[in-house]
Amino acid sequence: MAEIRDIKFGRSNERPREARPRRLAAIVAADIAGYSRLMELDEEATHARVKRIERDLIEPSIAEHHGTLVKTTGDGFIAIFDSPVEAVRFGIVIQQNMVGRNALLPKHHRIEYRIGVNLGDVIIEADDIYGDGVNIASRLEGIADPGQVYISSGIYEQVKNKLVCGYESLGDRKVKNITEPVRVYRVLADPVAFHEHRKRREVILIFLLSLTLLVIASGALWYLLLQPYGKLGKQASAPALRPVEIPNVPSSPAPAVKQSAPLTPPSSAPAPSTPQAAPQPQSAPLVTPAVKQATPQPQSASSATPATQPASAVREPEVNAIRGGSFIMGSNDDVTERPTHQVTIKPFAIGKYPTTVREWNECAAAKVCGFVATGRDDTPVTNVSWSDAKQFVAWLAGATGKAYRLPSEAEWEYSARGGTQSKYWWGDQFEPGNANCKNCTDIATSEQPVKVGSFKPNPFGLYEMGGGVDQWVEDCWHKNYQGAPADGSPWVEGECPSHVIRSGSWKNDARYVRPSNRDNYDTNVRYPTHGFRVALSP
């Protein structure tokens, strides 16, 4: 006998789920290139590494860029962001961080993500998202090279003038299960790589143009060489007549005789040769002044040598000496700034301004710093990772023989306060015009901060110790001050994944320019608002 069942939607105590609305989102799809091969090499170690990356890098970075992790797929993940700019920034952060993590690993053991980003309409369920927008992001991820971020034209139009990076158009691509071709762009996270890529394209275009001109010239030459042979019978008489007319020009033979006549007497008559030899001593004095003019050149070269030696020892940043003292570090405004505690600072010196583009590019010219900075020479260098800043101070210390370094977090706050204990160095109330921050000044927000020294100095004579650019310090990141040193030394512990940044930037609001404000970022990742200033030990 057949069993009669009560057909219900889902479980007996569960109501049918309501349809969720659609929304526009920036979708990020990522997977690990060669995941199966990595699992074959060492299944347990690979699984542990992937989970650690998800826990320490992927999930915190998604939250930091205001996104939502939709799901993980074993060898990848899908996330959505409200902002296309934040979605692309997230992709860049992941890829640059993975470069640092993979630096010491053999190539066949590296975990490299392929990332695709698309702007599309999606249906959001409790544990997944659906729609063509998701499919396109997944297809972009599938065609991306390991370690690269590929974006669709919809994302490109939203971010093309808002990030410090370049984009390479890869043309229209036909992707699986999508009717229309998708225009694809590759993100060039490093501006130097972008300029090098553009130069390569220019070289290729010049080569192709030169090749085209060469082909045209060869064709023309071939035509000119073969044309007389093809019409030799018809044109043989014409060339014979034309040369005959040329010698008949009356004045042409006479100059030929006059020119040949002076050539014979010097060779036949010895007397004229003697007068010509006599003026040679007269020409010798003409050489002598030249020698006399040349002789001061070694002197000027030798005098220039001492001048070039300081230049080769680089132009040192301008620093202000800071007297030692004690102060109360931290505040009760944020949990990361607690507990407040007394710190004693030893005398040292710190940069009067943040490190500038000019100063950075001297390091780049020495082939030590990793990229050539763009922008005006007198603006702060930006898009610098903590590792980049450490490279610069190490190069500066070696070139000058002085103990240049990054300041500790305590030294930075002591200097930023300028001997005060108020909320800002000028008082407890914010005053517009004292810092380069968002909505803090009449200066329009741009893609770069204004030149150094544009705002008032604090009581220690230091500029932009709040606003301008975020500034790296030596310390590893700790979520609060529990256990922090009381002697002003940096709080470090081996290799730490993130370091402290201070000051806030021209794109942050006024609460970021407080001397006690602190934040952190990944050690090996560059960001468009990050810079630094140097410190100098006595």
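Annotations
- Mean projected area in nm² (Cα convex hull; one quarter of hull surface) for segment 71-202: 9.2
- Subtracting the Cα-Cα distance of Lys456 and Glu318 from 0.36 nm times their residue separation leaves 48.0 nm of extension gain.
- Scanning residues 5 or more positions from Lys352 or on other chains, those with amide H under 5 Å from its amide H are Glu318, Val319, Asn320, with H placed 1.01 Å from N in the peptide plane.
- For segment 398-472, convex hull volume per residue from C-alpha positions, Å³: 123
- Segment 500-514 versus segment 95-174: alpha-carbon centroid distance in Å: 30
- Listed values for segment 325-334 are Karplus-derived 3J(HN,Hα) couplings in whole Hz (6.51 cos²θ - 1.76 cosθ + 1.60, θ = phi - 60°), namely x, 10, 7, 8, 8, x, 7, 9, 6, 8, and x replaces Gly and Pro.
- Solvent-accessible surface (1.4 angstrom probe) belonging to Trp426, in square angstrom, nearest 10: 50
- With the whole protein complex present, Met39 retains an accessible surface near 40 Å², based on a 1.4 Å probe.
- Summary value for segment 450-511: 40 percent relative contact order, contacts being C-alpha pairs under 8 angstrom separated by 6+ residues.
- Length gained on full extension, Asn332 to Asp128: 69.4 nm, using 0.36 nm per residue less the C-alpha separation.
- Length available on full extension from Leu225 to Glu202: 0.36 nm per residue minus the Cα-Cα distance, which gives 4.9 nm.
- Flagged links, alpha-carbon separation over 26 Å, of Lys352/Lys390; Lys51/Lys107; Lys71/Lys438; Lys160/Lys367; Lys352/Lys507: Lys71/Lys438; Lys160/Lys367
The values are calculated or read from the model by the stated rules, or taken from the named source; none is laboratory data. Everything quoted here is computed from the prediction, not taken from an experiment. Protein only, heavy atoms only, side chains kept; ligands, DNA and RNA dropped before computing areas. Shrake-Rupley method; radii C 1.70, N 1.55, O 1.52, S 1.80 Å.
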